[in-house]
Amino acid sequence: MPARAVRVNRADAGEAVARLGKTSIRRLRIRRDFSAAPEEKLCRTPVRGYRRAQFFSAMIIPNVNVLSDGQLKEVTDILTAYGCKVMVITGAERCVYAIVGDERNDDMVTKIEGLPYINRVDRIQSPHKLMDIRSSLATHRVKMGGIVLGSEPFFCAGPCTIDPKNPNLTIETAHAVKEAGAHALRGGVWKPRTNPYSYQGDAKALLVLMEASRQTGLPVDTEVMDEEHLRLAIEAGVHCIQVGARNALNYSLLRQIGEAIAGRDVCVLLKRGMHLGTVQEFISAAEYIVQLGNPNVILCPRGTQPTLDGYRNHPDESIVPLLKERTWAPVVVDPSHSVGKAAYVPAASLAAIAYGADGLCIECNVHPGKGIGDDPKQAVTPEVLRRIISQTRELWRIARGA
Ligand code: PEP
Ligand code: MN
């Protein structure tokens, strides 16, 4: 059933989402109208009443990949009797069923665990229940551009900023990054600029980005800074929504993104905030998105502040092993913003892969000097990109023994 046809009241929202979550991703690709009635939005927001409880405290692990409608109803009925709801988190191969509400009632847990198709109820004592490496989502794999992240190095490349007045520069660059071996195209439509008088982006650039995607077949990544950008990007068919470093702690944006991508074949590239503190703070930002139903989040360290004198930021690719110890999420490092100068990008790329990154997101332009935004100073040329790809592939083989 297309999502736009669903009408439920608040009391039935959990069950409605359970049904939507079980629908295959292909079917859910049907474009939803973001100006939809509030009831429809409620379907995508089953935990609205529980938002103050930031994290799920318990996970139902079935013996099967996906519960049947009848099984899900049986589970929902038990939870409802104890004032709880179920939230379906849809992975590529299996679903995870989070208990929303107070999970501490042992009778409820015993009844759920007594069902023949339920293996157990996990109560993970971690602030990021779903992102945790011990979560049952740990077997989930994020796919983009035909790559299962983690199985081989993943490369996303393209201009910092798409100049809508010079669409050919982006189109030419898109073909060149594909030719160099990239699996996905990046390009800024809307730009977070320190200086309010600098170019801020233009929705017309979205058309250029999607045309580049159409011509090359590459999935595209672009940053959104507010709900309107998000709506436009999703409607245009952007494959990966980027959360920029400046918004990594914008929890309402993270939740809006989580709601918008639930049930869709869309990924999120979550940059590490330039002022983010602990490793856990980064992972918890991802939890905000994943808890709303779509686990396709990629973590992207991109350098922090204060800077290392000479670099644009303080390169932070050494965070990769620490992330890998705590979370199953793929890590794609952005060396371009980290060092901020094209000449330093190749070494930073090698360092990231040596530290265990699953891929790289690199600014690249066929004519960096003609680009706008960061390109004149930090975009590498396609020739350099090709060399980075070949050398990091070799390093990957050495480091992973692949
Ligand atoms: C970008 O990707 O062009 C960008 C602005 O990134 P960040 O948010 O990491 O600064
Ligand atoms: Mn940039």
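For the reader, a short list of remarks on this structure follows.
- Spacing of the modelled spin labels on S390 and N65, each 7 Å from Cα toward Cβ, amounts to 3.9 nm.
- Normalised contact order of the chain, rounded percent, pairs of Cα under 8 Å and 6 or more residues apart: 15
- Annotation: extensible slack from Y199 through V279 equals 25.6 nm (criterion: 0.36 nm per residue apart, minus Cα-Cα distance).
- Kirkwood-based shape ratio for the stretch 323-402, expressed as Rg/Rh from alpha carbons: 1.02
- q = 0.12, 0.13, 0.25 Å⁻¹, the stretch 272-364: log10 I(q)/I(0) [Debye, one scatterer per Cα]: -0.34, -0.40, -1.29
- Tail weight of P(r) past 13 Å, computed on alpha-carbon pairs of the stretch 319-364, percent: 49
- Convex hull per residue volume in Å³, alpha carbons only, for the stretch 138-220: 114
- Antiparallel DSSP beta bridges within the stretch 89-228, as percent of all bridges there, nearest 5: 45
- Here the stretch 101-156 is treated as a Stokes sphere of Kirkwood radius computed over C-alpha pairs; at 37 °C and 0.692 mPa s its diffusion coefficient rounds to 231 µm²/s.
- Look at the alpha carbon pairs under 8 Å that are at least 6 residues apart: their mean separation over the length of the stretch 138-186 gives a relative contact order of 44 percent.
- Taking the longest Cα principal axis of the chain as reference, the axis of helix 69-81 is set at about 70 degrees.
- Taken over the Cα atoms of the chain, the convex hull encloses 131 Å³ per residue.
Every read-out reported here was derived from the displayed coordinates using simple, explicitly stated rules and does not represent laboratory data. Bear in mind the structure is a predicted one, so any value in this text is a computation, not a measurement. Neighbour counts are summed over all protein chains in view; Cβ atoms, including those assigned to glycine, are modelled from backbone coordinates with ideal geometry.
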